[in-house]
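To start, the structure under review is shown below, and the notes come after it.
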Amino acid sequence: MSDRPEPTNQGSLAARIDSQKAHPLAWQTVVKRAVVVAVAGISIYLVFPTITEVFASWPRLSTLDPWWFTLAVAAEVAHFTCTFALQRLALRTRAWFPVITSQLAGNAITLIVPGGAAVGAAVQFRMLAVSGRDTSSTVGGLAAYSLLGVGGLLALPVFALPVILVGAPTNRGLVNAAILGAVGFVVFAALGAVVLAYDAPLRWVGRTVQRLRNSVLRKRPPMTGLDDSLLAQRNEIRKVLGSQWWQALLLSAGRLAFDYLCLLFALRATGARPRPSLILVAYAVAGVVGMIPATPGGLGLVEASLTGLLVLADVNSSQAVLATLTYRLASYWLPLLAGPVAYGLIRLRYRTGPSPPQTAGADVA
């Protein structure tokens, strides 16, 4: 038995610190991160009055109808259940625990970091890798899930537009928003169909991005093979959506429908009785605004846009503020609190090391 002492965590931590001191961050990285923080700060400053108005309504939560409020929370739970099932389908696994915990943890990171969608996806990817998921199938599955989420959100105005145009007189701003959303969905669907069906456009995009990256970052090693990598990921997405496309479609529709119902039930809890078609347009536009990576999880931007859109949908301004707070409580704050718990659970379960990697074919549901 050797007398040599085992390396300690403190020693490895010190070595890591020394390595980071020897290789400080490049000035481009510092500037990029500073710009992200500055944009987030300016965005929050601009919408700060709306944030304070919404948060000032916290004491009024006690005036909500308890039954409608319970239904709103239940709808959001159903929304996350569909989310878990959709990711489980996209990842082609039977396991629930790693999918649920990694999604909640990654979602929490997305909600607290400016432009945190990429960071949240990276956290989820790493946690799935710790659980033993195959790398290639994980990348393709998460990419397919993201495409389904964006496409479903852009499709919502398409379904609301006919009802708005043939129904009662509607604020012109909401009509324009619905038309813009419908056009956006058509463009997104057309581009998605082209990318999924043909290799040439995707290869052109990969080579163009690769050429631009190498010309801007001349001091770094040149990037190669981006077009082949994009094609491989595209093929993985097609394989994921192959024979189970109808289940993916139903789950995508379900997660959006339940999230929309959460907002509608939150409005009913305040005593408002709005037209559901107008609320659908307001929900869709606010969801697109929330995708803008200016503030963590769209904080402030969603509150400001959703409150204004609800007022355009003939909702009393006081009820619109309270309904926005109720909806964000169920869809933002409660999932945010669940994130650290999920992260702790998955670290506790796999504290002895990652499970053996699972191949994509052996774990198909």
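The values are calculated or read from the model by the stated rules, or taken from the named source; none is laboratory data. From a predicted model like this one, the values you see are computed outputs, not experimental measurements. Please note: Cβ atoms are built from the backbone with ideal geometry, for glycine as well, and neighbour counts cover all protein chains shown. Protein only, heavy atoms only, side chains kept; ligands, DNA and RNA dropped before computing areas. Shrake-Rupley method; radii C 1.70, N 1.55, O 1.52, S 1.80 Å.
So if I check each of 356, 335, 340, 293, which one is within 24 Å of residue 86 (Cβ to Cβ) and modelled with pLDDT under 85?
Being within 24 Å of residue 86 (Cβ to Cβ) and modelled with pLDDT under 85 holds for just one of 356, 335, 340, 293, which is 293.
Being modelled with pLDDT of 75 or more, in a loop (DSSP other than H, G, I, E, B), at positive phi and among the small types (Gly, Ala, Ser): is that true of residue 132 here?
yes
Go through (1) within 24 Å of residue 85 (Cα to Cα); (2) open to solvent by less than 30 Å² (accessible area, probe 1.4 Å); (3) touching a residue at least 60 places away in the same chain (Cβ under 8 Å); (4) not hydrophobic (A, V, I, L, M, F, W, C) and name the single condition residue 324 misses.
Condition not satisfied by residue 324: (1).
Could you go through the stretch 310-318 and let me know if any residue there is within 22 Å of residue 79 (Cα to Cα) and either open to solvent by 20 Å² or more (accessible area, probe 1.4 Å) or touching a helix residue (DSSP H, G or I) at 6+ places or on another chain (Cβ under 6 Å) (or both).
The answer is yes; a qualifying residue exists.
Each row is one residue, and each column tells you yes or no for (1) within 24 Å of residue 63 (Cα to Cα); (2) in a loop (DSSP other than H, G, I, E, B); (3) open to solvent by 10 Å² or more (accessible area, probe 1.4 Å); (4) aromatic (Phe, Trp, Tyr).
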| position | (1), (2), (3), (4) |
| --- | --- |
| 262 | yes, no, no, no |
| 266 | yes, no, no, no |
| 271 | yes, yes, yes, no |
| 278 | no, no, no, no |
| 285 | no, no, yes, no |
| 288 | no, no, yes, no |
| 303 | yes, no, no, no |
| 306 | yes, no, no, no |
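So in the stretch 35-82, with the set limited to residues that are surrounded by 14 or more Cβ atoms within 10 Å (Cβ to Cβ) and polar (S, T, N, Q), which one is modelled with the highest pLDDT?
My answer is 81.
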